Amino acid sequence: MELSISAFVILSIIYFIASHVGLYKIFEKLGIEGWKALVPFYSTYIAVKTVKKSWLWIITYYIPFLGFVVWMGIIVELMKLLGKTSFKEHFLGVVFAGIYLPYIGFKEEVKFIGFEEAAKYKKTRKREWADALVFAVIAATLIRGFYMEAFTIPTSSMERKLLIGDFLFVNKMAYGARVPSTPLSFPFTHHSFPEEIPFIGIPLPFGGSQSYVEWIKFPHYKMPAMQDVERNDCVVFNFPAGDTVVIEEQAQIYEQMVRNHRVGLNISESEARNMVHDRYTIKSRPVDKKENYIKRCVGIPGDKLEIIDTKLMINDEEAYFDVGAQFKYDLQVKYPLTKEFLLKKEINFEFPEDQVRDANGQPVFDNEGNPVMQQYWVNNDGIHTLTMTEDAKNKLMATGNVLAIAKHNDKKQPKPEQYLNVFPNDTQYNWTVDNFGPILIPKKGATVKLTTATLPLYRRIIKNYEYNELEVKGTDVFINGQKATAYTFKQDYYWMMGDNRHNSQDSRYWGFVPDDHIVGKAVFVWFSKDTKFGTGIRWDRVFSLVH
């Protein structure tokens, strides 16, 4: 059941009014004038004073989201004064306040039992554990959902700013905490149950299965932001192309798999799509349940972006380039390089993983249309390929072992006869990851002309992110059944790129990131362990800020 914004607001108002009608009657039962329950701030003061709690309760009550925990405590303490002490009664009073509070407020047999009598109530050990567990789950869920959430770095796409094995906290209030649009979810899970019990390793029979239900869906809404998304922020966001997921191959993009099957097997798009659906389990996910990605925001709404020979240009000026950012290099050396030699010289490096190409430079696919990958150290010509920072490259050059070095630079090709694997994945564009654009990043309220040439750039925005019906008939574009020659964007968009420029699945492959996909800002690394070379805890990174 998907609620419209107006329906959501109306239901919220009804719930609020009903709850306060119940509090009005409860105040009267306690010998307090009922109107005092309706006065903002003053009602909180009276309630906290009545249940004999610290003034800190009043202060915490007005902290966004944490105030909900204090509100639950106030309701529970007020109900105790009316003789309502069971877990069931407290659950109904907190979760269904708009129904249960008026119910006990108007029920004549429910009366004030006195402070001394209420103080005699003692919880059983089982009840104490149940209350503590419920409180911990609710508090942790609120903090995780609206304030801070812990993330781990699973890939090298942000090296060397963020490393594989980094554990970091993300500030969700920075760009405005989102109200969950899919609220019915098992605590401490994202979209699926873990495969095994954490820290124990025992497999779960339901591991990997969906951990949420879509019985209720709220419209997108953000709390007030502390700041706007700025260029070069390290941003966590929901993966835009993750609305359709191949469950057995979640690291791959569904639409890319369809293209791989189509080109690799030389079949039509409909045949390729049917083949993917026949072979795999396809799942659609709402925005807040898509995979979480972290990249650097290099372009904000309204920016002109272009990549020229690996150099990123924003508004025709060279963009910021982090000192830890990396590129892929081919090297000719006097003596073979070893991992031990590079580590001894403190040269940070990475083995690249590339797609195998044939003699004509075309990607090679297996019989099922999947790309054939190779992870190599030295190719047949004796060329070493390493991914390094500028500092690491200079250190390697200083060893005197390098005869020649060349940065990878994928040039624009003549007009391709088949799709390219970079955005917008259309034969009208010959862009590569190293030579891309120029492109304008959409801004809310801006209008663009629509033709069959420009449509590939905005197709996903119009159809997937702004939920319009889109159809092309010959050279004409139809939106929601009406012929359209222009389109006005309904929200802002961003361009995200990894610092590891030759090993990052980012906007160059799947395009723009909508504003409603933004999760938060990376703040600091609280723990880091080297899982690549097994050198242990990286103590220099513990509690380090992400600038």
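A few comments on the model shown:
- With the helix formula -39500 (n - 2.57) applied to DSSP H stretches of n ≥ 4, the chain reaches a computed 222 nm mean residue ellipticity of -8000 deg cm²/dmol.
- Under 5 Å between amide hydrogens, built in the peptide plane, is the criterion, and for Tyr493 it picks out Lys444 among residues at least 5 positions away or on other chains.
- FRET E, pair Thr155, Glu248, Förster distance 22 Å, beta-carbon r, rounded to 0.05: 0.70
- Cβ-defined net charge surrounding Ser211, 15 Å radius [Lys, Arg +1; Asp, Glu -1]: 0
- The ranking of Lys290, Lys463 by Cβ neighbour count inside 10 Å, starting from the fewest, reads Lys463, Lys290.
- Net charge dipole, the chain: roughly 1780 debye, given to the nearest 20, about the Cα centre with Cβ charges of +1 for Lys and Arg and -1 for Asp and Glu.
- Surrounding net charge for Ser192, when Lys and Arg each add one and Asp and Glu each subtract one, Cβ distance under 15 Å: -3
- Ordering Ile200, Pro286, Ser270 by the projection of their Cα atoms onto the charge dipole of the chain, which places +1 on the Cβ of Lys and Arg and -1 on the Cβ of Asp and Glu, puts Ile200 at the extreme positive end.
- Modelled FRET efficiency - R0 25 Å, Arg279 with Phe206, Cβ distances, 0.05 increments: 0.60
- Close amide H contacts of Ala177 (hydrogens built in the peptide plane, cut-off under 5 Å, sequence separation of 5 or more or a different chain): Met223.
- Gyration tensor verdict on the stretch 76-234 (Cα atoms; rounded if a/c is under 1.5, prolate if a/b is larger than b/c, oblate otherwise): prolate
- Cα→Cβ-extended label distance, 7 Å offset, between Thr475 and Ile405, nm: 5.1
- Listed residue (Gly481, Ile247, Ser12) projecting farthest to the positive dipole end of the chain, Cβ model: Ser12
- Set Lys412/Lys444; Lys126/Lys172; Lys161/Lys334; Lys88/Lys172; Lys161/Lys344; Lys52/Lys80 screened for pairs whose C-alpha atoms are more than 24 Å apart: Lys412/Lys444; Lys126/Lys172; Lys161/Lys334; Lys88/Lys172
- Rough spin-label spacing in nm, given labels placed 7 Å along Cα→Cβ, for Glu116 and Val137: 3.9
- In degrees, nearest ten, helix 125-146 long axis to first principal axis of the chain (Cα): 50
- Label-point separation in nm, Val213 to Asp366, each point 7 Å along Cα→Cβ: 3.8
- Look at Thr387, Thr60 and count the other Cβ atoms within 10 Å of each Cβ; fewest to most, that gives Thr60, Thr387.
- Of the options (i) 157; (ii) 199; (iii) 237, only one is volume of the Cα convex hull per residue in Å³ as computed from these coordinates, and that is (ii).
- Percentage relative contact order, the chain, counting C-alpha pairs under 8 Å, at least six apart: 16
Here, each number is a calculation from the coordinates, and none is a lab measurement. None of the values given here were measured: they were computed from a predicted structure. Backbone-built Cβ (ideal geometry, glycine too); neighbour counts: all protein chains shown.
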